[in-house]
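Q: Once you've had a glance at the structure underneath, I'll fire off some questions.
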Amino acid sequence: MTSADVLLSIVDNAAATRTKLVPRRRVAGATSKGIGLSPVFAVMCINNDITSSPAVSGPVGDMRLLPDLDAGAVLDDELVWAPADQLDQQLEPMPFCQRSAAGRLAGAAAADGWHYLMAFELEFTVFRTEGADVRPAHEGPGYAMTPFLLLEPFLRDLLAGLEAAGIEVEQVHPEYGDGRVEVSMAPAPPVRAADRYVLARLITTRTALRHGLRCRSRP
């Protein structure tokens, strides 16, 4: 995977997916020492305002984002995506690293003989843009043939892209609401399921842009 650039991401407490692109020549260092990000992102709001917490002293300090290439996926010949853990400078999990916390909980459950699976439904709205005009890409009705046909090239490319990235899709269909689409993903262990949800959103947006569309789910 290290022969390509790596796009790594975290999902912060504001539910925003924060990303950094690592050039391929820097990937080896990133996977051993991480790359820097201010701890202030633990208290960053969705509108880029910054709140406060006793656990985070503003933008002072540095944490390390360590990409998990084993959990990553190839997006194309030049780009790989990977989730990242938020670590301190000793490469120990920060107290607000959601991915590390989920891994610890799953590990504790497994030690007690419990093995959990999770599944996500990715719902988003697709828009067509013509100059300044932005409108939903279909007018329903939900689950109907007409909205599927209006979006067929996009939806079939999306399904192919998700499957190629290792995301097992159970179904794709137009949902209730103008422009709405749903992708149902197969169950997986908790951390993997969450990683795949973030990846599915990334692939959905990239595929929509290639088709001249816009889509919106969460940040």
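Q: Return a yes/no flag: does segment 158-165 have any residue that is over 28 Å from Thr31 (Cα atoms), crowded, with 17+ Cβ neighbours inside 10 Å, modelled with pLDDT of 95 or more and in contact with a helix residue (DSSP H, G or I) (Cβ under 6 Å, 6 or more places away or on another chain).
A: Looking through segment 158-165, at least one residue is over 28 Å from Thr31 (Cα atoms), crowded, with 17+ Cβ neighbours inside 10 Å, modelled with pLDDT of 95 or more and in contact with a helix residue (DSSP H, G or I) (Cβ under 6 Å, 6 or more places away or on another chain).
Q: In segment 59-74, which residues are crowded, with 18+ Cβ neighbours inside 10 Å, modelled with pLDDT of 95 or more and in a strand (DSSP E or B)?
A: Arg64, Leu65, Leu66, Pro67, Ala73
Q: Still on this structure, please answer the following. Looking at Ala108, Ala15, which is the one that is at pLDDT 95 or above and surrounded by fewer than 12 Cβ atoms within 10 Å (Cβ to Cβ)?
A: Details: Ala15 fails: at pLDDT 95 or above.
After ruling out the rest, the residue left standing is Ala108.
Q: In this structure, does Val56 turn out to be open to solvent by less than 90 Å² (accessible area, probe 1.4 Å), closer than 28 Å to Lys33 by Cβ and modelled with pLDDT of 95 or more? Steps first, answer last, please.
A: On the way: open to solvent by less than 90 Å² (accessible area, probe 1.4 Å): yes; closer than 28 Å to Lys33 by Cβ: yes; modelled with pLDDT of 95 or more: no.
The answer is no for Val56.
Q: Condition (residue is in a helix (DSSP H, G or I) and open to solvent by less than 50 Å² (accessible area, probe 1.4 Å)) applied to segment 205-215: is it met by at least one residue? First the steps, then the outcome.
A: Quick first cut of segment 205-215, residues in a helix (DSSP H, G or I) only: 205-210.
Imposing the further condition that a residue be open to solvent by less than 50 Å² (accessible area, probe 1.4 Å) reduces the set to 207-208.
Yes.
Q: Moving to a separate point now. Within segment 111-142, which residues are open to solvent by less than 60 Å² (accessible area, probe 1.4 Å), more than 30 Å from Gln86 (Cα to Cα) and hydrophobic (A, V, I, L, M, F, W, C)?
A: Hits for segment 111-142 are Val126, Phe127, Ala137.
Q: For the subset of segment 30-51 comprising residues that are under 16 Å from Gln86 (Cβ atoms) and in a helix (DSSP H, G or I), which member is farthest from the chain's Cα centre (by Cα)?
A: Across segment 30-51, the extreme among qualifying residues is Lys33.
Q: Only one of these is closer than 16 Å to Thr19 by Cα and either out of contact with any Cys (no Cβ under 8 Å at 6 or more places or on another chain) or at pLDDT 95 or above (or both): Arg180, Arg196, Arg216. Name it.
A: Values: Arg180 fails: closer than 16 Å to Thr19 by Cα; Arg216 fails: closer than 16 Å to Thr19 by Cα.
The unique qualifying residue is Arg196.
Q: Would you please name the residue that is farthest from Leu8 (Cα to Cα), looking only at residues in segment 19-40 that are among the hydrophobic types (A, V, I, L, M, F, W, C) and either touching a Leu at 6+ places or on another chain (Cβ under 9 Å) or open to solvent by 50 Å² or more (accessible area, probe 1.4 Å) (or both)? Break it down into steps so the answer makes sense when it comes.
A: Going through segment 19-40, the residues among the hydrophobic types (A, V, I, L, M, F, W, C) turn out to be 21-22, 27-28, 30, 35, 37, 40.
Still in the running and either touching a Leu at 6+ places or on another chain (Cβ under 9 Å) or open to solvent by 50 Å² or more (accessible area, probe 1.4 Å) (or both): 21-22, 27-28, 30, 35, 37.
On the way: Leu21: 6, Val22: 8, Val27: 11, Ala28: 14, Ala30: 10, Ile35: 10, Leu37: 12 Å.
It comes out as Ala28.
Q: Identify, by number, the condition in (1) farther than 19 Å from Gly166 by Cα; (2) of a type outside the set (Val, Ile, Thr); (3) in contact with a Lys or Arg (Cβ under 7 Å, 6 or more places away or on another chain); (4) surrounded by 14 or more Cβ atoms within 10 Å (Cβ to Cβ) that Pro83 doesn't meet.
A: Among (1) farther than 19 Å from Gly166 by Cα; (2) of a type outside the set (Val, Ile, Thr); (3) in contact with a Lys or Arg (Cβ under 7 Å, 6 or more places away or on another chain); (4) surrounded by 14 or more Cβ atoms within 10 Å (Cβ to Cβ), Pro83 violates only (1).
Q: Pairs under 8 Å by beta carbon, first residue closer than 15 Å to Ser38 by Cβ in segment 12-25, partner in a helix (DSSP H, G or I) and small (Gly, Ala, Ser), six or more apart or different chains?
A: Taking only residues 6 or more apart or on different chains, the pairs are Asp12/Ala42; Asn13/Ala42.
Q: If you don't mind, there's one more thing I want to ask. Residue pairs, Cβ under 9 Å, 6 or more apart or interchain, first in segment 143-157 and over 14 Å from Ala208 (Cβ atoms) and open to solvent by 80 Å² or more (accessible area, probe 1.4 Å), second of a type in the set (D, E, K, R) and assigned to a loop (DSSP other than H, G, I, E, B). List them.
A: The qualifying pairs are Tyr143/Glu175; Thr146/Glu139.
The values are calculated or read from the model by the stated rules, or taken from the named source; none is laboratory data. Only a predicted model underlies this, so the values are computations on that prediction, with no experimental measurement involved. Counting neighbours? That spans all protein chains shown, and the Cβs are built from the backbone with ideal geometry, glycine included. Note: areas computed on protein heavy atoms with side chains; ligands, DNA, RNA excluded. Shrake-Rupley method; radii C 1.70, N 1.55, O 1.52, S 1.80 Å.
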